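The values are calculated or read from the model by the stated rules, or taken from the named source; none is laboratory data. As the structure is a computational prediction, the values presented were derived from the model and not from experiment. When we count neighbours, we look across all protein chains shown, and the Cβ atoms used for this are built from the backbone with ideal geometry, even at glycine.
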Amino acid sequence: MVLIYIDQDDQEIKKASYEAISYGAALAKQLGTSAEALLLGTVKDNIADLGKYGASKVHQVNNIALNSFDARVNANVIAEAAKALGASVVIFAHNVNGKAIAPAVSVKLGAGIVTGACALPKTDVGFVVTKTVFSGKAFASIQIDTPVKVISINQNSFGIEVGDGSATVANLDVAVPTSSIKITSVDKIQGEVPLTEASLVVSGGRGLKGPENWGILLDLAKALGASTACSRPVSDSDWRPHHEHVGQTGLQIAPNLYIAIGISGAIQHLAGVNRSKTIVVINKDPEAPFFKAADYGVVGDAFEVVPALTAAILKSKGGA
Amino acid sequence: MKILVCISKTPDTTAKIAFAEGNTKFDENGVQWIINPYDEWYSLVKAIELKEKDATVAIHLVTVGGADTEPIIRKALALGGDEAIRVNNTSNDSLVVAQEIAAIAKEGAYDLILTGKETIDYNSASIGSMLCALLDQNFISAAVKLEVNGSSITVTREIEGGEETCETSLPAIISCQKGMAEQRIPNMRGIMAARTKPLKVVEASITTATTSIKNFDLPPAKSGVKLVDPANMDELVRLLKEEAKVI
Ligand SMILES: Cc1cc2nc3c(=O)[nH]c(=O)nc-3n(C[C@H](O)[C@H](O)[C@H](O)COP(=O)(O)OP(=O)(O)OC[C@H]3O[C@@H](n4cnc5c(N)ncnc54)[C@H](O)[C@@H]3O)c2cc1C
């Protein structure tokens, strides 16, 4: 059986978990077994709906202590659940919580692990999982040599598949160790899609000259319904908040569309965005390295091009 | 307080990524090696900051790797580690590395273990989490802030779309990222002192790997950028809608 861990935050199921289920369901089909989900704690969402993404059953460890995240506790509970249910593969989203617990679960299960997988395993000979390495600059195919396996999948690498299934929900009794971590505050940026979950991202670099010029970028983001990001010097100079910094030393993202405005395309920047499906580069320098990594390019002054693009998008939306 | 800082050697961020021996090995030809930026800029410097506030803090460094990791570990000593341990194991299986570090950690009875959020070569982000299971200690990942007050700590970690702050007690394992500390450059005095700081070599004790790398691939080259006239943004919108189908 393929067991998929459902990540929750503040009693809401994370989007990345839906993709993990779709991936787990496709793998289960390939292995001729079932895909079942594991939920720790309680959520506001309708749990049976997880069937839409391909889970036939949801096992719920119904203990509200599990609504706040503690890596040590969660890993213990997941490993015990996986043993009790006889899971042969355990799937996680490679998001913040998945990264914190999947390796610990693998230790407890004596399972080999591949983190950051970007495709379904090849299972005709052995069990080989492809993952991104060198910050997206290459792929490695890694064989897992243990009977039980753990995989965490990169966000937005497989896609969410929605059907019309419904899952049965069953209570699972697993001992929950006492947490010795007390969460004292949670600070969320209101009303924004987290950058790692965004499908459209508009990003600005030093070419925008200063924080006072961000208006044109924010207007474009608003017209598109996109999240905003920036290059490292921009966040280092406090033109934009640190959580917007993408690249090798910032967030690694893989949106469907990444629009880079006034960003040169240094290798460390590309490392954070090169898994984007479509890249648009707006830069006044035709020699900017970013054009080599782009699908569409506009050689021009951002201060003219960006407002024109915003107007064209609004026009196309209005006219549709 | 005793702190163990995990140090990994990675290729420089601008290194050419190429593979050798039928795409089964990373091509190390001409590659410059650095301390993994997350280990250096955030975990090591954070440990140094803690020591600057409290001189009784001892900073031990551990690296799992061959003799070629020694220049890296000397640099980490120059920045401010007190002593270092190199486990002579060249495995790139995360579990093997984590088990070697866990053995050192058990022996040293550390109050705090710091790792980077991930390494920039294999991006596994696994060691801290594995240590959590191997040592049965609290683990807080992707931390951007850490305060130590006696035996209790306050840690802020990244969550999707924000930050979460928690309190717990030592011992603990923390993986560090941007925000934790500011990058430093070793000074001459540090470099001189590092030459005589103890660097102990321990033989490998773990040999069974759970995974094996079959081969590497480079992403297919982009087919080339399609340039759009800056005076015709309607065309760019059309391409994004009809060709790329992303909006
Ligand atoms: C170890 C290491 C890690 C790093 N990690 C990261 C990382 O995670 N993320 C990151 O982003 N960087 C990172 N960097 C820094 C990186 O090397 C680059 O310095 C940085 O990405 C450059 O930012 P930029 O493109 O905004 O600025 P610049 O390189 O200064 O580029 C500005 C661009 O704007 C263009 N421009 C100027 N005016 C206009 C205009 N009016 N209209 C249109 N275009 C205009 C210019 O032609 C130029 O291409 C790292 C560096 C190192 C050494």
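Filter segment A:259-311 for residues that are facing chain B (nearest Cβ under 8 Å) and of a type in the set (Ser, Thr, Tyr); which is nearest to the ligand (Cβ to nearest atom)?
Here the answer is A:296.
For residues that are within 14 Å of another protein chain (Cβ to nearest Cβ), among the small types (Gly, Ala, Ser) and more than 11 Å from residue A:4 (Cα to Cα), tally how many sit in segment A:56-93.
Final tally of qualifying residues: 4.
Among the residues of segment A:177-199, are any within 13 Å of another protein chain (Cβ to nearest Cβ), hydroxyl-bearing (Ser, Thr, Tyr) and in contact with a Phe, Trp or Tyr (Cβ under 7 Å, 6 or more places away or on another chain)?
No, that holds for no residue.
Considering segment A:199-249 alone, what residues qualify as being among the basic types (Lys, Arg), touching a strand residue (DSSP E or B) at 6+ places or on another chain (Cβ under 9 Å) and within 9 Å of the ligand (Cβ to nearest atom)?
Passing the criteria: only A:232.
Would you be able to tell me the number of residues in segment A:263-296 that are touching a Cys at 6+ places or on another chain (Cβ under 9 Å) and either modelled with pLDDT of 95 or more or over 22 Å from residue B:121 (Cβ atoms) (or both)?
Number of matching residues: 1.
Give me the residue from segment B:11-35 that is more than 16 Å from the ligand (Cβ to nearest atom) and in a strand (DSSP E or B) and, out of that set, farthest from the other protein chains (Cβ to nearest Cβ).
Residue satisfying both the conditions and the ranking: B:20.
Among the listed residues A:32, A:41, A:24, A:51, which satisfies the condition of being closer than 24 Å to residue A:84 by Cβ, touching a Leu at 6+ places or on another chain (Cβ under 8 Å) and surrounded by fewer than 24 Cβ atoms within 10 Å (Cβ to Cβ)?
Exactly one of A:32, A:41, A:24, A:51 is closer than 24 Å to residue A:84 by Cβ, touching a Leu at 6+ places or on another chain (Cβ under 8 Å) and surrounded by fewer than 24 Cβ atoms within 10 Å (Cβ to Cβ), namely A:41.
Would a scan of segment B:163-176 turn up a residue that is more than 8 Å from every other protein chain (Cβ to nearest Cβ), in contact with a Leu (Cβ under 7 Å, 6 or more places away or on another chain) and among the β-branched types (Val, Ile, Thr)?
Yes; the residues of segment B:163-176 include at least one that is more than 8 Å from every other protein chain (Cβ to nearest Cβ), in contact with a Leu (Cβ under 7 Å, 6 or more places away or on another chain) and among the β-branched types (Val, Ile, Thr).
I'd like to know if segment B:197-215 contains one or more residues that are within 11 Å of chain A (Cβ to nearest Cβ), of a type in the set (Gly, Ala, Ser), over 30 Å from residue A:140 (Cβ atoms) and in contact with an Asp or Glu (Cβ under 9 Å, 6 or more places away or on another chain).
Checking segment B:197-215: not a single residue is within 11 Å of chain A (Cβ to nearest Cβ), of a type in the set (Gly, Ala, Ser), over 30 Å from residue A:140 (Cβ atoms) and in contact with an Asp or Glu (Cβ under 9 Å, 6 or more places away or on another chain).
To keep it simple, each residue is scored yes or no on (1) buried (at least 17 other Cβ atoms within 10 Å of the Cβ); (2) free of Cβ contacts under 8 Å to residues at least 12 places away in the same chain; (3) within 26 Å of residue A:107 (Cα to Cα); (4) not β-branched (Val, Ile, Thr).
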| position | (1), (2), (3), (4) |
| --- | --- |
| B:19 | no, no, no, yes |
| B:29 | no, yes, no, yes |
| B:32 | no, no, no, yes |
| B:43 | yes, no, yes, yes |
| B:56 | no, no, no, no |
| B:86 | yes, no, yes, yes |
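Kindly indicate which of A:203, A:179 is assigned to a strand (DSSP E or B), more than 17 Å from the chain's Cα centre (by Cα) and surrounded by 15 or more Cβ atoms within 10 Å (Cβ to Cβ).
Sole residue among the options that is assigned to a strand (DSSP E or B), more than 17 Å from the chain's Cα centre (by Cα) and surrounded by 15 or more Cβ atoms within 10 Å (Cβ to Cβ): A:203.
Please enumerate the residues belonging to segment B:167-193 that are touching a Ser or Thr at 6+ places or on another chain (Cβ under 6 Å) and among the hydrophobic types (A, V, I, L, M, F, W, C).
B:170, B:176
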